[in-house]
1. What is the distance in Å between the Cα centroid of the stretch 67-124 and that of the stretch 12-36?
2. If r is the Cβ-Cβ distance from Asp76 to Ala8 and R0 is 22 Å, what FRET efficiency results, to the nearest 0.05?
3. Per DSSP helix of 4 or more residues, -39500 (n - 2.57); summed, then divided by the residues of the chain. What does that give at 222 nm, rounded to the nearest 500?
4. Taking K and R as +1 and D and E as -1, what net charge do the other residues with C-beta under 13 Å from the C-beta of Ser38 add up to?
5. How big is the antiparallel share of DSSP beta bridges in the stretch 3-119, given as a percent to the nearest 5?
6. Taking a point 7 angstrom from the Cα of Trp123 along the C-beta vector, which residues in the stretch 53-68 have backbone N less than 16 Å away?
7. Just grab the label-to-label distance for Gln20 and Val102, each label 7 Å out from Cα along the Cβ direction, in nm (one decimal).
Amino acid sequence: MDDSELRAFVRTWFGEVWGQGRLDLLDTLVADTYVRHSASGNVVVGREQAKKDLAQYMRVLHRPDTVIDDQVVQGDRVWTRATSRGVNLETGEPSVASWLIVQRLQDGRLVESWSATLYGVDWT
């Protein structure tokens, strides 16, 4: 994938998957096995589990509008700093999250990510 395709992947990830709740897109965006590194640890999940996990996360940050604040593409990885604003379905209150995320793609699909998601933090 070239730089523009990798950047387009991230726009789809934040705009359609997160922003519109399109978990069905994970069928084409995520590899059969996906490795996620986060503050919760390192987890290897299948595509269906990734959908379940995202659905749960989307309760705290529902249908957000995300702005890409900074982005760098290097090889098969996209480094993104982003800010998302949505609604926390648990409380009904506005929700904001700042992201530092590195996504590694192979054959057009997400195979691994490293993320620091800071809820309640607005770096803009």
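Read-outs throughout are calculated quantities, based only on the coordinates presented, and are distinct from any laboratory measurement. Note that this is a predicted model, so its numbers are computed, not measured. Methodologically, a virtual Cβ is constructed for each residue, glycine included, from the backbone with ideal geometry; neighbour enumeration extends over all protein chains shown.
1. For the stretch 67-124 versus the stretch 12-36, the Cα centre distance is 13 Å.
2. Values: r = 14 Å, r/R0 = 0.66.
Once rounded, the FRET efficiency stands at 0.95.
3. Details: 3 runs with 25 residues, N = 124.
Theoretical 222 nm ellipticity from helices: -5500 deg cm²/dmol.
4. Numbers: positive: Arg36; negative: Asp53, Glu112.
My count for the surroundings of Ser38 gives -1.
5. Values: 37 of 41 bridges.
Beta bridges within the stretch 3-119, antiparallel portion: roughly 90 percent.
6. In the stretch 53-68, the label zone of Trp123 (backbone N under 16 Å from the point 7 Å along Cα→Cβ) covers 66-68.
7. Here the answer is 3.1 nm between the modelled labels.
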